[in-house]
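To start, the structure under review is shown below, and the notes come after it.
The values are calculated or read from the model by the stated rules, or taken from the named source; none is laboratory data. Keep in mind it's a predicted model, so treat the numbers as computed, not measured. Quick reminder, even Gly has a Cβ in these numbers, built from the backbone with ideal geometry, and neighbours come from all protein chains shown. With ligands, DNA and RNA removed, areas are computed over all heavy atoms of the protein, side chains included. Shrake-Rupley method; radii C 1.70, N 1.55, O 1.52, S 1.80 Å.
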Amino acid sequence: MTFSSSSADDMAAALCANGLIPRGGFNFTPGDAPPTGLSGAPAKSVLLVGQAGAAPWPHFLRWREKQPRTISNPLDSWSRQVIGAVAERFGARAVSPSDKPYLPFQQWAMRAEGLKPSPLGILMHPRYGLWHAYRGALLFEDEIQVEASQKVIHLCDACVGKPCMKSCPVDAYSEEGFAYQSCLAHVRGLKGEQCRSGGCLDRNACPYGVAYRYPAEVQAFHMASFAPMVG
Ligand code: B12
Ligand code: SF4
Ligand code: SF4
């Protein structure tokens, strides 16, 4: 099946039923090295799938209740299942942000939605702030009709105090990048309870997108998969 603008509403509805949303897309151009589509030929276009705020959470929890407790990477498995079913219906190949080698999801997102990175590395969205993510992408072997990305205000440019750079107890984020090991040691350590139970203090310090901020329960879930206490 060829994906066209007439399929876009059906696809959005199928994603929305699971708390997911289309996050823009684009047609690859000759300078790109696109991944393969369904048949193994290079894909001609990509459509990103993601979330605004924690909208998928209740859908994910319902699914998880029926899974074995020991399931590893459950959110990833849920995303692959839901997005895989949509891909099958619309004749696309589904890929995941955790597929290795890593696919350039943030570069694709910058191209699709005109976003730019915040000082934390997370892309800054004009409405959702730092509270959004990508759960997969659909690769098509035909060109798709998508709106060209608009010029988007990058809120970080006008953010004078940059509170996101001042709240981490171990200054893990700096102009040199993200000190992954320092963050991990703090989160797992005796003083890391606040990060473990309520999420990253730097991310929570951003004043934008607060209506989309993930609830503490969701932030604790993500933190536990980022910094498991065992292993
Ligand atoms: C590896 C990885 C990490 C590594 C970073 C290592 C590194 N220096 O690259 C670690 C484990 C540190 C990390 C942490 C986090 N990550 Co991460 N990560 C990834 C992953 C799986 C691959 C990145 C990559 O190499 N891509 C391949 C290159 C070729 O693609 P790219 O688009 O050019 O990659 C960009 C990123 O690497 C980015 N980058 C570089 N360093 C860092 C560090 C951080 C913290 C982030 C967010 C981005 C980032 O710069 C590149 C150019 O734009 C991506 C998913 C993906 N497939 O991209 C998620 C991804 C970038 N992560 C994401 C997030 C949200 C986080 C966290 C903030 C939250 C979390 N997952 O719990 C944490 C930070 C922990 C905290 N303190 O709260 C989101 C960002 C969403 C957004 N709105 O922009 C992504 C896109 C996953 C998703 N499902 O949406 N992450
Ligand atoms: S606190 Fe300011 S600089 Fe930091 S992410 Fe939010 S808007 Fe951007
Ligand atoms: S999770 Fe905690 S330790 Fe890690 S960067 Fe955020 S505030 Fe710092």
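Collect the residues in region 21-53 that are touching a helix residue (DSSP H, G or I) at 6+ places or on another chain (Cβ under 7 Å) and in contact (Cβ under 8 Å) with a residue 40 or more places away in the chain, keeping them in residue-number order. Talk me through it step by step, then tell me what you get.
Let us first name the residues in region 21-53 that are touching a helix residue (DSSP H, G or I) at 6+ places or on another chain (Cβ under 7 Å), namely 21-26, 46, 48-49, 52-53.
Selection gives Arg23, Gly24, Gly25, Phe26, Val46, Leu48, Val49, Ala52, Gly53.
Is there a residue being out of contact with any Pro (no Cβ under 6 Å at 6 or more places or on another chain), part of a helix (DSSP H, G or I) and open to solvent by less than 30 Å² (accessible area, probe 1.4 Å) anywhere in region 173-183?
Of all residues in region 173-183, those out of contact with any Pro (no Cβ under 6 Å at 6 or more places or on another chain) come to 173-183.
Right, trim to part of a helix (DSSP H, G or I) and you get 180-183.
Retained after the next criterion (residues that are open to solvent by less than 30 Å² (accessible area, probe 1.4 Å)): 183.
Yes, that holds for at least one residue.
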Quiz prompt | Output for region 144-155, where each listed residue is at pLDDT 95 or above and surrounded by fewer than 16 Cβ atoms within 10 Å (Cβ to Cβ) | solution = Ile153
Quiz item: Counting just the residues of region 94-116 that are within 17 Å of Ile153 (Cβ to Cβ) and in contact (Cβ under 8 Å) with a residue 24 or more places away in the chain, which one comes out most open to solvent (accessible area, probe 1.4 Å)?
Solution: Lys116
Quiz item: Can His186 be described as modelled with pLDDT of 95 or more and closer than 30 Å to Ala8 by Cβ?
Solution: no
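Does Gly209 satisfy the condition of being within 20 Å of Trp131 (Cα to Cα) and not polar (S, T, N, Q)? Even if it seems obvious, please write down each step before you answer.
Numbers: within 20 Å of Trp131 (Cα to Cα): yes; not polar (S, T, N, Q): yes.
Judged against the criteria, Gly209 is a match.
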Quiz item: Right, Phe226: surrounded by fewer than 16 Cβ atoms within 10 Å (Cβ to Cβ), within 30 Å of Ala94 (Cα to Cα) and within 16 Å of ligand 2 (Cβ to nearest atom) or not?
Solution: no
